[in-house]
Each structure stands twice: as C-alpha cells, then as structure tokens.
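Working notes, beginning with the structure itself.
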Amino acid sequence: MTATLAHGAAAEHRIGGQRVPSRHEPLPVEDPSTATTIAHVPRGDARDVDLAVSAARAAARRTRVTTPAERGRLLRSLAAALDADLEGFARLETGDTGKPLSLARSEIAGCVGYLDYYGGAADKLHGETIPIGPGSLAYTVREPVGVTAHIVPWNAPLSMLCRSVAPALAAGNTAVVKPAEQTPLTALRFADLVEGLDLPPGTVNVVTGLGAEAGAALAAHPGIGSLTFTGSVATGRAVLRAAAEHITPVVTELGGKSPQIVFADADLDDVARQVVTGFTANSGQYCDAGSRLLVARTAHDELVERIVARLASLTLGAGIEDPDLGPMVSAEHRRRVSDYVALGAREGATEVGRRRALPGPGHFVAPVVFTGVTPEMRIAREEIFGPVLAVLGFDDEEHAVALADATDYGLGVGIHTRDIDRALRVADRVDAGYVMINEYFAGSPAVPFGGTKLSGTGRERGLVALDSYLKNKTVVARVGPATQPHATQQGEPS
Ligand code: NAD
C-alpha cells in the first residue's frame with residue numbers, strides 16, 4: 001500500500017482545484033484487512049462544505065459555455081485516464097475497504113464504464129417541440145441543475161461515486177462529493193484525476209469527514225440543485241428531512257434484503273454458484289446482495305447441500321491477497337454482523353455448514369447459512385450487510401411471490417427457472433426495482449437500477465438517471481400577429 005498512499009497528501013480536501021487542509025484533527029483511515037491506520041483525511045465541517053459549493057458553483061458557470069460534444073469528450077478522456085490508472089485505484093480501494101483485489105479491479109472497470117457511457121450521452125440530451133396548434137410554438141429545454149451533491153457509502157466507494165457523478169457531469173453540472181468516513185481515499189484520488197484534465201477547477205470537489213458533520217452540512221446546503229444519497233435507510237431519512245428545508249430534489253438509493261427465488265426445474269449446480277456469489281460477493285456488503293434464498297421445498301435439501309459444499313472451498317483473507325472474501329469494513333460493522341448471526345440462532349434458525357477459523361487481525365466474518373428461517377424472523381427481514389444467507393422454503397409460485405415481497409425492501413430479485421413464462425410472470429408480480437432472471441448481478445451502466453419501498457426512490461444507470469440532474473423548462477410562445485387566435489389562449493391558468 002505504501003506506493004499508492006504516497007500519492008499526494010491525503011489529509012486535504014479537494015476544493016476548487018486546490019488542496020485545502022483540515023481545520024480540525026484529521027480522521028484516521030483504516031485498512032480493515034489488518035486493522036491498521038493507512039492514512040488520515042480532513043474532518044470537514046460546514047465551512048468546508050460551503051467553500052466546496054461555492055467552488056462548484058463558479059465551475060458550473062464556466063461549464064455552461066462548454067459544448068455538449070466537448071463535455072462528452074472530456075468525460076471519455078476521464079474514463080481513459082481512470083482506465084490507465086486502474087491498478088493504482090484498485091489497490092487503493094482494496095486497502096481502504098478490504099475487498100478482494102479482483103473485485104476492486106472490476107469495480108474500477110465499472111467506473112470507467114459509467115464515465116464512457118455518460119460521456120456518450122452528453123450530446124444527446126435535448127427537449128422536444130410540442131405541437132399545440134397554429135400561432136403557437138411550444139418547446140422544452142433540459143437545463144443542468146447547477147451544483148450536484150453526492151453522499152456516498154463505504155461498500156463500493158468509487159463505483160457509487162462514479163455512478164452518480166458521471167451522469168451529473170454529462171448533464172452539464174458540477175459536483176460536491178462527501179465520501180464515507182471509512183473509505184475516502186479513492187474519491188480524493190479521483191478529484192486529482194479530474195483536475196489533471198481540461199475541466200474548470202472545482203468541477204468535482206471532495207469534502208471528507210463525518211456524516212453528522214460534513215454530510216449533514218451538504219444535505220442542508222441551500223446552494224445545491226440536487227442531492228444523490230446512497231446509504232442506509234436511517235441516514236436516508238435524515239438526509240431527506242434536511243433537503244426538505246430547501247426543497248432540494250433527492251435521489252435515494254438505500255438498503256435491501258434481496259431474494260433469489262429458485263424453482264425446482266432450475267440447474268441447481270449453476271444456481272448454487274450464483275447463490276454463493278450473491279450473498280458472499282464483497283463479503284455480503286452490497287445493497288443488492290442476494291441475502292435471502294427462497295427455494296421450492298422439493299429442491300431445498302439438494303440446493304442447500306450444494307451451497308454448503310461450495311462455501312467450504314471459499315478463501316478468506318486480506319483483500320490484497322485476492323481471496324474470495326475480505327473482511328467487514330470496520331470492527332463496528334463486524335460486531336453488527338456477528339450480533340445478527342447470534343440473533344439467528346436465538347430466533348430458532350439452524351446454522352448449516354462448518355464454522356471455520358478466521359484470519360486475523362482484520363475484521364473477518366465467515367459466511368453463514370441459516371435454514372429453517374420463517375418470514376417473521378428479523379434475520380429474514382432486516383438488512384445484515386454481511387455474508388449471511390437466510391433460507392426459506394416455498395410451496396408454489398404464489399407462495400414464492402408472497403415471501404419475496406415480505407420485507408420492507410424492494411431492491412433486487414433473482415429468479416431461477418428454465419420456464420421462461422414463469423420467470424416473466426414472477427418478474428411482473430414482485431414489488432422490486434431490479435429483477436435478474438437466471439443470472440444474479442447481471443447488469444450494465446445502460447440498464448436502470450434502483451428500488452421500491454424502503455430501498456429508495458432513485459433510478460441510477462441508464463438514460464433515465466440523467467433526469468435527476470436536469471431541470472425541465474417549458475417555453476410557450478405566440479407566433480404571428482396579436483389579433484390572430486392562437487392555441488396558447490386555450491391554456492388554463494394554474
Ligand atoms: P450510511 O447511511 O451510514 O452512510 C452513507 C453516507 O452518509 C456516508 O458518507 C456517511 O458519512 C453519510 N452520512 C451519515 N450520516 C449523515 C447525515 N446525518 N447526514 C448526511 N450524511 C450522512 O451508510 P453506509 O453504512 O455507509 O452504507 C451501507 C448502506 O448503503 C447499506 O444500507 C446499503 O444497502 C446501502 N447502499 C445502497 C445502494 C443502492 O444503490 N441502493 C448502494 C450501496 C449501498
């Protein structure tokens with residue numbers, strides 16, 4: 001890690017193209033694989049946030065004179081610059097989060113994908129003309145909202161940043177980012193990458209710090225045109241309340257308790273692979289982790305047996321050694337996940353498979369499978385955000401759909417069956433934002449992602465995500481002499 005961390009002084013915000021030091025005691029950043037401090041970052045406050053919003057506003061004024069085609073080219077250059085430094089970013093992300101190096105590489109490659117995709121969209125954003133009758137001209141214009149704010153979680157730090165910052169920039173905005181206090185390092189390095197390109201200084205600003213301080217100040221700031229919040233439901237509520245003061249539009253991307261539904265006709269060997277990946281990838285710390293397995297009772301025992309067999313061969317270790325599973329992000333989070341494992345036993349679920357020795361001294365948790373779970377148990381309803389699978393049996397399709405919808409979340413749903421009619425029927429019926437048939441985690445920057453119910457209101461990825469970073473303006477004009485009747489007179493005052 002030494003080489004990557006030697007890159008610049010991390011204990012400074014990135015504001016307006018400048019490195020701004022902390023006014024407070026800097027915050028330590030830990031490598032969760034080793035439980036050692038690897039860097040320090042500033043503990044930002046409301047003044048830092050204010051400075052960043054001003055810098056972003058100044059940059060937004062300059063961005064408005066850039067042509068959309070030029071903006072697209074710049075975003076694609078940013079993608080190329082990130083791609084050229086993919087290994088450096090991946091190693092930094094691994095040190096900061098503990099995630100396996102291959103996973104970090106694929107997440108950074110995903111970031112390159114977001115920048116490329118939205119770079120291609122930048123010059124294809126336009127309004128429409130609406131024929132409302134003779135003597136009238138009506139058209140809409142899609143304008144940037146100005147300064148966009150992005151509050152980012154720790155589980156996939158740069159990926160979550162790029163997922164919302166790329167469309168925000170493509171739409172002609174500038175950004176202020178507040179990364180999670182646990183994992184701020186790649187955001188700082190990303191700001192440096194942006195500053196190295198021919199973009200106005202302050203196009204991407206990064207203020208590090210605590211959620212209750214820098215995060216809260218950003219959510220409550222009157223100078224932001226939109227806020228994208230990715231994180232927990234509890235914080236999502238606080239952010240929505242703060243944003244309400246200035247009627248700031250908010251995209252919320254929150255938690256999940258996503259089921260994989262397995263019918264008896266599925267290829268159980270392939271499904272076992274996908275279930276294991278679904279709940280152990282990133283050590284279960286993905287919002288759309290497949291943390292519930294809903295399986296036809298007739299296939300239950302055989303599938304559980306195959307899952308347990310696969311788990312036995314998974315490796316646990318420091319992210320940089322590229323194991324199958326790295327640690328939890330922090331000691332606090334490991335305690336939280338371990339408490340849920342203890343709760344599962346108290347609730348009467350059965351833990352299957354063998355416990356394994358854990359590597360030390362990082363924050364490791366071994367994957368756990370619970371069978372005999374009922375929908376009322378907390379381990380069946382609450383997001384654990386660790387490698388814990390709750391298995392529930394179902395009798396028929398009706399029952400499967402009811403179980404799938406039996407939580408307050410509605411993010412991902414996996415469906416496994418060879419019967420495409422059944423798959424599409426179930427996809428149609430479940431209350432969730434993202435359905436994956438026969439391939440869990442299938443996706444691309446081009447397909448919208450988001451949730452229903454407590455999983456949030458936003459849609460990120462795809463062209464639809466651009467709507468969150470654009471204001472719609474309608475222009476209606478009378479054309480021709482005033483004496484001539486024209487359609488606009490038929491409009492109702494509102
Ligand atoms: P969190 O809510 O604790 O923190 C998220 C961010 O909010 C951090 O940057 C934090 O500093 C900031 N924050 C905390 N308190 C704040 C406040 N009062 N005001 C403003 N900002 C504040 O979430 P986390 O633990 O970092 O992330 C895990 C959660 O994120 C899980 O629930 C996961 O499902 C969710 N998540 C959702 C998606 C999605 O797309 N739906 C993607 C990734 C993660």
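Numbers for the structure displayed
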{"read-out": "Anchor Lys99: aspartates and glutamates whose Cα lies under 16 Å away (excluding residues fewer than 8 positions away in-chain)", "value": "Glu30, Asp31, Glu87, Glu107, Glu321, Asp322, Asp324"}
{"read-out": "On Cα atoms only, tilt of 297-312 relative to the major axis of the chain in degrees", "value": "90 degrees"}
{"read-out": "The range 259-437 - convex hull of alpha carbons, volume per residue in Å³", "value": "107 Å³"}
{"read-out": "Antiparallel DSSP beta bridges within the chain, percent to nearest 5", "value": "45 percent"}
{"read-out": "Spatial separation of Cα centroids for the range 214-272 and the range 319-363, in angstrom", "value": "24 Å"}
{"read-out": "Ranked packing of 106-115, 329-338, 382-391, most packed first, by mean Cβ within 10 Å", "value": "382-391, 106-115, 329-338"}
{"read-out": "Ratio of the Cα radius of gyration of the range 361-492 to 2.2 N^0.38 Å, where N counts its residues", "value": "1.66"}
{"read-out": "Positive-end residue of Asn205, Gly362, Tyr114, charge dipole of the chain with Cβ unit charges", "value": "Asn205"}
{"read-out": "15 Å beta-carbon shell around Ser102, net charge (K/R +1, D/E -1)", "value": "-3"}
{"read-out": "Degrees, to the nearest 10: 420-429 long Cα axis against longest axis of the chain", "value": "60 degrees"}
{"read-out": "FRET E, pair Arg425, Ser338, Förster distance 35 Å, beta-carbon r, rounded to 0.05", "value": "0.35"}
{"read-out": "Antiparallel DSSP beta bridges within the range 92-222, percent to nearest 5", "value": "10 percent"}
{"read-out": "Dipole of the chain, positive end: most advanced residue of Gly372, Thr63, Val194 [Cβ charges, Cα centre]", "value": "Thr63"}
{"read-out": "By average C-beta atoms within 10 angstrom, highest first, the peptides 448-458, 347-357, 218-228", "value": "218-228, 448-458, 347-357"}
{"read-out": "Rg(Cα) / (2.2 N^0.38 Å) computed for the range 58-181, rounded to two decimals", "value": "1.28"}
{"read-out": "Partner lysines for Lys471 [C-alpha distance under 26 Å; skip if fewer than 8 residues away on the same chain]", "value": "Lys124, Lys178, Lys453"}
{"read-out": "Cysteines not pairable in the chain (beta carbon separation under 4.7 Å absent)", "value": "Cys287"}
{"read-out": "Range of Cα positions in the chain per principal axis (Å), largest first", "value": "81, 56, 38"}
{"read-out": "Förster-model FRET efficiency, 30 Å R0, Thr67 and Glu128, C-beta, rounded to 0.05", "value": "0.90"}
{"read-out": "Farthest toward positive dipole pole in the range 243-317 [+1 Lys/Arg, -1 Asp/Glu at C-beta], among Ala289, Ala243, Gly317", "value": "Gly317"}
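All of the numbers you see were taken from the coordinates with simple rules; none came from a lab. Here the structure is a predicted model, which is why all the values come from computation and not from measurement. Cβ sites come from the backbone with ideal geometry, for glycine too, and all protein chains shown count toward neighbours.
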